[in-house]
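Q: Following this message is one structure expressed as C-alpha cells.
The values are calculated or read from the model by the stated rules, or taken from the named source; none is laboratory data. Just so you know, these numbers come straight off a predicted model, no measurement behind them. Neighbour counts run over all protein chains shown; Cβ positions are idealised from the backbone, glycine included.
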C-alpha cells in the first residue's frame with residue numbers, strides 16, 4: 001500500500017511548452033536562416049532596425065492547465081528581496097505526479113516529466129479566476145522531485161522552479 005501526498009489548496013497552472021522544431025524553423029530576422037543559434041544552443045534574438053525591442057524566434061504550443069500548489073517564499077526570503085538580494089527563482093509551484101499522468105505529461109518510457117526548461121508560465125487560476133498574471137515573463141528553470149518516499153514510485157510531488165526572462169527579450173510565440 002502506497003501513501004499518496006495530496007496538493008494543498010490546488011490551483012491551475014497555465015503553461016505553454018516550448019516547441020523546439022518550430023522555433024528552429026522560425027528565424028526572427030531575414031538575415032538569419034534559423035531560429036536557433038547552433039553555437040549557443042538558444043533561440044536567435046533580433047532587434048528591429050531603429051527599434052529598442054528585441055524579439056526572438058521562440059514558438060510555443062497551446063496552453064496546458066495543470067493542477068498545482070503555489071509555494072510562498074519564507075519571511076527571510078522576502079526580507080532579502082527588499083534588501084536587493086533577489087534570488088533566481090521568482091515563484092515555486094508543486095505538481096502532483098497523478099495529475100501529470102492523467103494529462104499525459106510523463107514520458108512513457110522513462111516516466112520523466114516532459115515539461116522542460118524554458119516552457120512558459122502564462123498565469124495561475126483558481127476556479128476560473130486569474131490569481132496570478134506575472135508582470136514579467138516567467139519560465140520553468142528546473143523541476144525537482146519533492147516527495148521522496150511517497151507514491152508508487154516514491155516521487156508523488158515535483159517542485160517547479162521558475163525564472164524571469166531578461167526584460168529586453170520578448171518572444172513572439
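Q: Checking residue 35 against (1) modelled with pLDDT of 70 or more; (2) touching a strand residue (DSSP E or B) at 6+ places or on another chain (Cβ under 9 Å); (3) in the same structural domain as residue 156 (by TED's automatic domain parsing): exactly one of these is not met. Which one?
A: Unmet condition: (3).
Q: Looking at residue 56, is it at pLDDT below 75, farther than 17 Å from residue 117 by Cβ and within 22 Å of the chain's Cα centre (by Cα)?
A: Taking the combined requirement at face value, the residue does not satisfy it.
Q: Right, another one. Mind listing just one residue for me: the one in the range 108-129 that is over 17 Å from the mean Cα position of the chain (by Cα) and in a strand (DSSP E or B) and, of those, nearest to residue 67 (Cα to Cα)?
A: Selected residue: 126.
Q: I'm checking my understanding of the structure. Among residues of the range 145-160 that are part of a strand (DSSP E or B) and either surrounded by 11 or more Cβ atoms within 10 Å (Cβ to Cβ) or at pLDDT 85 or above (or both), which one is nearest to the chain's Cα centre (by Cα)?
A: 160
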